[in-house]
Amino acid sequence: MSFDLVFFGGTGDLTWRKLIPALFQAARHGKLPPGGRLLGVARDERSDDEYRRFIRERLVEVDSAKRPTDDEFARFAAQMQYRRMDLSRPDDYVGLKQWVDARGADTVVLYLATSPHLFPQVCEQLGRVGLNGPNVRVVLEKPLGHDLASAQEINRVVRASFAERQALRIDHYLGKPAVQNLTALRFGNALFEPLWRRESIANIQITIAESIGVGTRGDFYDRTGALRDMIQNHALQLLTMIAMEPPASADADAIRDEKLKVLKSLKPFAAESVGRDVVRGQYKAGNVDGQPVAGYLDEVKVPAASRCETFVALRTEVQNWRWAGVPFYLRTGKRLASRDANIVVNFRPVPHPIFPGTTRANKLVIKLQPEDGLELHLLAAKGTGSSELLSPVSLDLDFDKAFPSERVGAYERLLLDAITGRLNLFVRSDEQEQAWRWVEPILEAWSRDTTGPRPYVAGTWGPPASSALVARDGFVWDEEE
Ligand code: BG6
């Protein structure tokens with residue numbers, strides 16, 4: 001199968017930090033279909049060789065395991081080309097169309113790794129010159145909108161040029177191996193399904209914690225905040241994968257229909273429930289990994305009096321027969337105690353304890369990072385004569401060890417899926433709009449609230465109000481156990 005993969009924003013961070021290394025890994029693993037051309041598109045004048053050198057020089061900043069040797073890079077770079085384009089000039093799209101048509105590849109993937117404010121203009125021009133035929137797919141990177149109205153506007157413009165099945169909205173969390181394994185765990189095994197419901201599950205906790213701060217992205221981050229940056233997309237997508245009903249098939253729309261139903265079943269927020277069930281925080285100076293770090297307000301390009309949230313914890317419910325009354329806690333933040341993303345499914349305790357001194361219940365931990373795996377926490381008898389007869393033990397499945405040569409990174413998987421047209425892991429426009437609809441009352445309530453985010457010390461797990469949110473229901477966050 002021949003393909004052309006075009007990167008708009010070909011010299012941008014996303015392209016050289018994530019996309020090119022992911023493609024290189026795919027090539028290294030022998031997974032990149034042969035017959036591909038990779039075209040970087042950007043504003044400056046440069047030759048193909050200059051572009052290859054530009055990418056090569058930047059790859060030194062990429063994780064060493066993902067860095068090509070000189071020989072590997074030379075082989076990989078042979079399929080790379082560069083094209084200068086001014087995205088505001090209609091003629092430049094005509095030139096691109098000619099470049100694509102001259103070869104007539106089976107598949108053309110147009111990856112918009114640009115600032116999102118350019119999406120409408122680029123999609124419109126692509127449609128105008130006819131770069132939207134049935135073999136063309138367009139990949140859109142987040143952030144897709146700032147609120148419901150702006151997301152709908154982007155979707156309207158995209159839809160004017162591309163059919164829904166041609167528009168691939170990336171949420172790179174869906175490409176993470178743990179998310180694939182969650183689907184396999186739930187729908188490839190019969191074991192958990194009878195337990196996957198309110199009768200057996202006490203609460204579910206989804207945590208995406210980062211130890212990094214906002215780095216040099218202060219201006220972008222300050223316009224965005226943790227709710228838009230992580231909850232509206234990544235955390236809610238994880239929630240849908242946990243809570244969805246078994247789909248009728250592995251077909252992309254069968255899965256996305258079920259995910260949409262979950263989003264539509266989420267308990268809606270109103271002004272007073274935002275105050276009660278959502279905690280927003282902002283980091284102050286502190287210590288991370290033993291190093292002193294600045295507070296958010298002292299980060300570069302962050303306005304001095306910013307009220308932007310760098311932390312969110314919230315409580316919601318999925319209002320349907322399976323989940324009624326089960327709290328789902330979602331939490332994300334920058335400058336937290338460690339880089340840790342996981343989903344913890346806390347089961348109910350035994351109805352009638354016969355072992356003294358045991359208050360713990362079973363839990364299943366789906367670990368997304370730093371490593372990915374599954375832990376099933378059970379209680380086992382530890383020797384005899386002890387006053388506490390049962391001790392917690394865990395059955396650990398480390399996917400890196402179980403399938404050492406099969407590990408595929410998130411962007412690698414999503415790029416390969418974009419090339420082969422497998423849409424399961426891309427977000428449909430109705431899902432994305434529904435997620436915005438659900439977070440909007442939170443944004444509105446915050447815009448009227450004069451108290452602003454609660455401070456937390458960098459290197460901790462967020463403001464104390466986050467623990468109180470969970471404690472109110474008689475639970476604790478997983479790391480507090
Ligand atoms: C991005 C956010 O979508 O995800 C970043 O914009 C965040 O702020 C990143 O750091 C986290 O991704 P990962 O894969 O490193 O957990």
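Throughout, read-outs are computed from the coordinates displayed, never taken from laboratory work. Everything quoted here is computed from the prediction, not taken from an experiment. In this analysis, Cβ positions are derived from the backbone assuming ideal geometry, glycine residues included, and neighbour counts consider all displayed protein chains.
For the chain, take the longest principal axis of its alpha carbons; what is the angle in degrees between that and the long axis of helix 90-103, to the nearest 10 within 0 to 90? Value to nearest ten degrees: 90.
Residues whose amide H lies under 5 Å from that of Arg169, counting only those 5 or more places away or on a different chain, are Leu140, Val427; hydrogens are built 1.01 Å from N in the peptide plane.
Sorted largest first, the principal axis extents computed over the alpha-carbon atoms of region 51-178 equal 45, 40, 26 Å. Per residue, the average separation of C-alpha pairs within less than 8 Å and at least 6 apart gives region 101-234 a relative contact order of 22 percent. Dividing the alpha-carbon radius of gyration of the chain by the rule-of-thumb value 2.2 N^0.38 Å gives 1.03. Amide H contacts for Gln369 (H built 1.01 Å from N in the peptide plane; partners 5 or more residues away or on another chain; cut-off under 5 Å): Ala341. For region 434-480, the Kirkwood estimate of hydrodynamic radius, built from reciprocal distances between every pair of different alpha carbons, is 12.9 Å.
Plugging the Kirkwood radius over Cα pairs into Stokes-Einstein for region 198-286, at a temperature of 20 °C and a viscosity of 1.002 mPa s, what D comes out in µm²/s? Rounded to a whole number, D works out at 135 µm²/s. Convex hull of alpha carbon positions in region 325-481: directionally averaged projected area 14.4 nm². Evaluating 6.51 cos²θ - 1.76 cosθ + 1.60 at θ = phi - 60° for every residue in region 245-262, the Karplus couplings come out as 6, x, x, 5, 7, 8, 5, 3, 6, 4, 5, 5, 4, 5, 5, 4, 4, 5 Hz, glycine and proline recorded as x. Annotation for region 150-223 versus region 224-286: alpha-carbon center distance of 8 Å. For region 256-388, averaging the sequence separation of C-alpha pairs within contact (under 8 Å, six or more residues apart) and dividing by the residue count gives a relative contact order of 16 percent. Under the criterion of Cα pairs below 8 Å and six or more residues apart, the relative contact order for the chain equals 18 percent. Our coupling estimate for region 425-435, obtained by passing each phi through the Karplus curve with A = 6.51, B = -1.76, C = 1.60 and θ = phi - 60°, is 9, 9, 8, 7, 4, 5, 5, 5, 5, 5, 5 Hz, Gly and Pro reported as x. For region 108-259, the calculated P(r), taken from all Cα-Cα distances in 10 Å bins from zero up to the bin holding the longest distance, is 9, 32, 32, 21, 6, 0 percent.
Three principal axis extents of region 30-115 based on alpha-carbon atoms, in descending order, are 40, 28, 23 Å.
Taking the empirical scaling 2.2 N^0.38 Å for compact globular proteins as reference, region 165-246 has a Cα radius of gyration ratio of 1.36. Using θ = phi - 60° in the Karplus curve 6.51 cos²θ - 1.76 cosθ + 1.60, the 3J(HN,Hα) couplings for region 121-137 round to 4, 5, 4, 4, 5, 4, x, 4, 8, x, 8, 8, x, x, 8, 9, 10 Hz; x is entered for Gly and Pro. Scoring 228-234, 458-464, 128-134, 241-247 by mean Cβ neighbours within 10 Å over their residues and listing the highest first yields 228-234, 458-464, 241-247, 128-134.
Per residue, the convex hull spanned by the alpha carbons of region 239-286 comes to 130 Å³.
Relative to its residue count, region 94-136 spans a Cα convex hull of 70 Å³ per residue.
All Cα-Cα distances of region 31-81, cut into 10 Å bins from zero to the largest, leave 22, 52, 26, 0 percent in each bin in turn. For region 295-399, list log₁₀ I(q)/I(0) at each q in 0.18, 0.23, 0.24 Å⁻¹, using the Debye formula over Cα point scatterers of equal strength and ignoring solvent, two decimals each. Here log10 of I(q) over I(0) equals -1.06, -1.24, -1.26. Beta bridges from DSSP with both residues in the chain: antiparallel share about 55 percent, rounded to the nearest 5. Against the chain, whose longest principal axis comes from its Cα atoms, helix 177-187 is set at around 60 degrees. Taking amide H as placed 1.01 Å from N in the peptide plane, Arg137 has its amide H under 5 Å from the amide H of Val108, Val109, Leu110, each at least 5 places away in sequence or on another chain. Which entries of Lys97/Lys259; Lys301/Lys334; Lys31/Lys259; Lys31/Lys261; Lys176/Lys382; Lys31/Lys66 have Cα-Cα distances beyond 25 Å here? Cα-Cα > 25 Å for Lys97/Lys259; Lys31/Lys259; Lys31/Lys261; Lys176/Lys382; rest within.
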